[in-house]
Amino acid sequence: MHTWALEAETKILNHGKFENSEKCTIEDVRCDLLQKADVELSKGQDEIIGKIKSYYEQGEGHVELVESFQQDFINSAKSLKTELLNSITNKLDAALSRRNGMMKFEGIKKTYMDTMEKKVLDLLKDCREKKSDMTDSMLDEAFEKMWQETVSTLSYTVLQPQDIMTRVLHSLRNNLQSKGNSMTESFDKVKDLQNQGHRKFVVHRSNLISKNWNAQKTKRVEEMSDNIINICWEFVKTKSESKDDYDDTYISEILKIIDKKLKTHEDLKLNEDFKLSLKLYICGFASREFQKIHNQFIQENNPRTALENFKHTYHSDFIGLYHEQDQCSKKADEFTRKCLKPALERYVTENLGMEMADKMVIGENSAIFRSRTTFQISVLKNLLDEFKFETYFCFIKSYETFVKDFIFDKIKKQFSAENRMIKLEEKLLNEGTNEMKQAIEEAEQDPKINDIKGFIKTICKKLENKLVFSKDDVDKISRLNDVNQKKFIECLKCYVNNMDTCLKESFQARDFQSKIDCLETKPQDLMFKRVWGCGKQCPFCKAPCEAGGEAHTKHFVSIHRPKGLGRYRFVNSKKLVTNICTSSVYSNTSFKCHDTNDHWRPYKEYSKIYPDWQIDPDPSTEASAYWKYVMAQFNQRFAEKYNAKSADIPSSWKDITKIQADESLK
Ligand SMILES: [Zn+2]
Ligand SMILES: [Zn+2]
């Protein structure tokens with residue numbers, strides 16, 4: 001489905017470049033593609049549901065044990081379809097607005113260039129008709145005169161940059177309104193984003209829900225905010241590296257990221273004013289960067305500027321034509337360097353991340369990445385092998401960052417070995433080059449094509465599902481040529497082979513990190529999505545939720561950890577607690593914390609405080625040998641870090657060996 005989505009996106013990005021787009025609008029194309037996606041995904045969903053049902057009908061194995069999960073499995077399959085369709089819709093919508101942004105200018109640019117081309121050809125005819133030979137300086141002069149005259153006749157469309165800050169502010173208002181009215185009152189005081197998002201974001205106590213927050217909680221809020229801000233900065237940075245115009249989907253994407261992150265930290269019970277101040281901060285710096293992106297785009301795509309950029313090409317083509325120099329080689333070289341090569345490079349980088357992620361679930365890493373459960377086990381096993389307190393501390397405290405680093409490290413190890421990254425790039429390059437060569441062959445055989453312009457257009461059209469071409473560059477090259485088509489094709493084939501070699505050399509020259517930085521779809525992000533789940537941690541012991549799919553109604557952990565690892569301590573003695581959540585919710589004991597407003601609440605009523613969690617009461621289950629071992633070994637150090645007293649470790653825990661801890665993972 002990834003490949004499918006990428007091809008659909010490419011199709012939209014190429015819409016109307018090499019054919020008349022009046023027959024069907026870009027919106028039609030989008031609708032059509034989305035319908036197809038829906039059909040494909042429904043097929044996949046039905047197939048999975050069919051398999052689940054037939055498994056239960058056959059009644060093999062312990063069907064009765066998993067009976068209660070049947071509906072869960074079916075729901076997961078359904079929510080998977082919805083997730084995929086949403087992500088495809090988002091991708092296509094973004095492509096659509098990028099393409100629309102470009103199309104605004106293309107009409108004007110075409111008129112400018114058509115006029116100029118005619119003038120250049122007229123001038124060429126005039127010059128050739130003159131009896132005496134013209135020197136280069138005479139030609140330059142004639143060209144310059146013609147250029148100035150033509151430019152002065154063109155109607156000059158001034159493109160005014162838009163006020164992006166206001167648009168961002170508007171999107172933020174909509175975002176707040178959709179969440180209810182409580183926030184809009186404070187928001188009304190905000191007139192613009194000018195003063196927002198400078199310096200460092202500071203978590204003020206007055207912003208938080210409660211004045212008696214302890215330092216630890218404040219620190220968690222700070223860490224969360226820094227994390228959100230970083231992710232948004234990364235997003236803005238990626239956008240400013242592309243050459244597209246600013247689009248409102250950018251800011252709505254950012255607001256979505258913030259809302260999603262805030263939702264995973266619901267347990268912090270942050271108030272609306274705090275959320276608003278964080279959003280204002282981020283929208284502040286983002287809107288300034290987006291304004292820069294927009295201004296840059298307007299400047300680069302101003303039809304006048306574009307024409308000026310082409311002046312050099314027109315001029316050298318004109319001189320070349322006058323002297324009847326061979327244009328074949330020059331044109332073929334330009335077409336290869338300016339159109340085919342960037343399109344191929346994009347093809348490789350667009351696909352590389354996905355292919356890398358695909359490779360991570362087969363072969364030697366499949367044992368780790370096969371499922372969320374196997375992933376959890378490998379992470380824990382790695383921690384045990386290394387056995388450093390600081391690593392465990394990070395793992396529990398910054399679970400998400402830890403997991404991301406872990407995944408990245410695995411990917412790096414996998415692809416740095418045996419030149420695997422380069423081999424993969426070469427494989428993709430070969431795919432692209434072969435399609436290109438085939439398109440050239442086919443166009444060569446086509447009797448209807450009788451000039452270079454038609455030839456180039458046909459090639460681009462044949463490749464439009466795979467490669468994105470810059471219309472400006474294709475146009476620039478197709479203009480002003482009465483070159484020999486056969487010779488042009490010969491030269492082109494030769495340049496394509498050269499390009500292939502050059503690109504392969506460039507793969508060798510770059511290092512892993514810089515390649516990964518360039519990828520829009522990063523393998524570590526794809527892997528993370530695969531193994532991460534919902535990311536919620538048990539409110540007591542901090543073990544991560546194991547329920548599948550994004551849409552589960554209750555978070556669930558199969559084996560909880562000693563609660564002290566999640567900072568739980570006895571009130572009077574301050575000693576860390578060793579028992580686990582499942583036995584606590586069975587017992588008649590009580591707990592208090594920030595979420596209960598520091599009032600005692602019976603553990604049995606935990607679901608009134610944490611309605612999203614399902615912790616089944618069970619007096620018999622103990623913590624796994626793994627966590628007993630970790631807690632026994634690092635008891636003192638956890639206590640220090642958590643500002644508590646060390647736990648009374650049951651004596652049997654102290655006898656557990658590392659081997660036993662390791663075995664308990666299986
Ligand atoms: Zn727990
Ligand atoms: Zn969950």
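Overview of values
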| quantity | calculated |
| --- | --- |
| Looking only at segment 285-326, and only at residues there that are surrounded by 21 or more Cβ atoms within 10 Å (Cβ to Cβ) and more than 28 Å from I108 (Cα to Cα), the one that is nearest to the chain's Cα centre (by Cα) | A286 |
| Residue among S652, S573 that alone is part of a helix (DSSP H, G or I) and among the small types (G, A, S) | S652 |
| Filtered residue count, segment 505-543, keeping only those that are within 16 Å of ligand 1 (Cβ to nearest atom) and of a type in the set (D, E, K, R) | 2 |
| Among residues of segment 448-503, those that are outside any helix (DSSP H, G or I), of a type in the set (V, I, T) and under 22 Å from H323 (Cα atoms), counted | 1 |
| Filter pass, D618 being modelled with pLDDT under 90 and either at positive phi or assigned to a strand (DSSP E or B) (or both) | no |
| Condition met for A8 (touching a Lys or Arg at 6+ places or on another chain (Cβ under 9 Å) and at pLDDT 85 or above) | yes |
| Selected residue (criterion: nearest to the chain's Cα centre (by Cα)) from residues of segment 548-564 that are modelled with pLDDT of 80 or more and within 8 Å of ligand 2 (Cβ to nearest atom) | H555 |
| Answer residue from segment 578-591, given it is within 10 Å of ligand 1 (Cβ to nearest atom) and of a type in the set (S, T, N, Q) and is nearest to V531 (Cα to Cα) among those | T582 |
| Tally of residues being of a type in the set (K, R) and crowded, with 16+ Cβ neighbours inside 10 Å across segment 590-636 | 2 |
| Pairs, first of a type in the set (S, T, Y) in segment 314-337, second surrounded by fewer than 16 Cβ atoms within 10 Å (Cβ to Cβ) and modelled with pLDDT of 85 or more, C-beta under 8 Å, six or more apart | T336/N498 |
| Number of positions in segment 553-577 that are more than 13 Å from ligand 1 (Cβ to nearest atom) and either charged (D, E, K, R) or out of contact with any Lys or Arg (no Cβ under 7 Å at 6 or more places or on another chain) (or both) | 8 |
| Any pair with Cβ under 8 angstrom, 6 or more apart, that starts in segment 235-262 at a residue that is free of Cβ contacts under 8 Å to residues at least 12 places away in the same chain and ends at one that is surrounded by fewer than 15 Cβ atoms within 10 Å (Cβ to Cβ) | none |
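The values are calculated or read from the model by the stated rules, or taken from the named source; none is laboratory data. What you are looking at is a predicted structure, and each value in this text was computed from that prediction instead of being measured. Here Cβ is always computed from backbone atoms with ideal geometry, including for glycine, and neighbour counts include all displayed protein chains.
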